[in-house]
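Encoded as structure tokens, the structure appears first; notes follow it.
The values are calculated or read from the model by the stated rules, or taken from the named source; none is laboratory data. As the structure is a computational prediction, the values presented were derived from the model and not from experiment. Heads up, the Cβs are rebuilt from the backbone with ideal geometry, glycines too, and the neighbour counts pull from every protein chain shown. Protein only, heavy atoms only, side chains kept; ligands, DNA and RNA dropped before computing areas. Shrake-Rupley method; radii C 1.70, N 1.55, O 1.52, S 1.80 Å.
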Amino acid sequence: MSELQRLLNDPRFRPAERLKQEFGAVPEAGPGSILRVVSSVQEPAEPASPQMQPHAQPHATPPAPPQDWDALILRVQAAARQARGVEAQAREREERIEHVLERVREDINASNERARIAEMQARDVQVRAEAQVIAAEERAKAAEARARAAEERARHAEEWLGRVQEAILAEFSDMTDQAAA
């Protein structure tokens, strides 16, 4: 892209410079060779002219015909259009990638948030379960203590009932013996 921009900014390819060359001004060295390089990209190379051979005397390069310059300008414009198209596609892809990355970031953040909420809920459930287990253990201990106390009271009650029975039998045994006789 920078090479293309450099060519577009080159004063030799501006219309005012072309007019100077068409009306007899001596062309600067190089544009003809640039034109040949650009045209050789799409056309087969032409055999070197005797003027371009290394043992020949250097001559002034004749000005290129205007249609060559027009073709160069058309090629430059086509290359610029293509470069703009490629750049637009690259921007579009970059925007799509950025959009996908943003969605991925959002999904990751949402997943992290869901995981955090799930962890909090799991901790809450665990705390409640532990509290319920502790409460159940305490209730079981209390029930066992009440059962032991009830058994102790029942044992004492049986002892007292046995004593009462003995007392009754002892006190009323004379009467039962007389009634039987």
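Observations on the structure shown:
- Residue in region 158-171 that is part of a helix (DSSP H, G or I) and loosely packed, with under 10 Cβ neighbours inside 10 Å present: yes
- Residue match in region 94-104 (condition: touching a residue at least 40 places away in the same chain (Cβ under 8 Å) and open to solvent by 70 Å² or more (accessible area, probe 1.4 Å)): no
- Taking the listed residues 125, 76, 133, the one that is touching a residue at least 40 places away in the same chain (Cβ under 8 Å), β-branched (Val, Ile, Thr) and either in a helix (DSSP H, G or I) or surrounded by 10 or more Cβ atoms within 10 Å (Cβ to Cβ) (or both) is 76, with no other qualifying.
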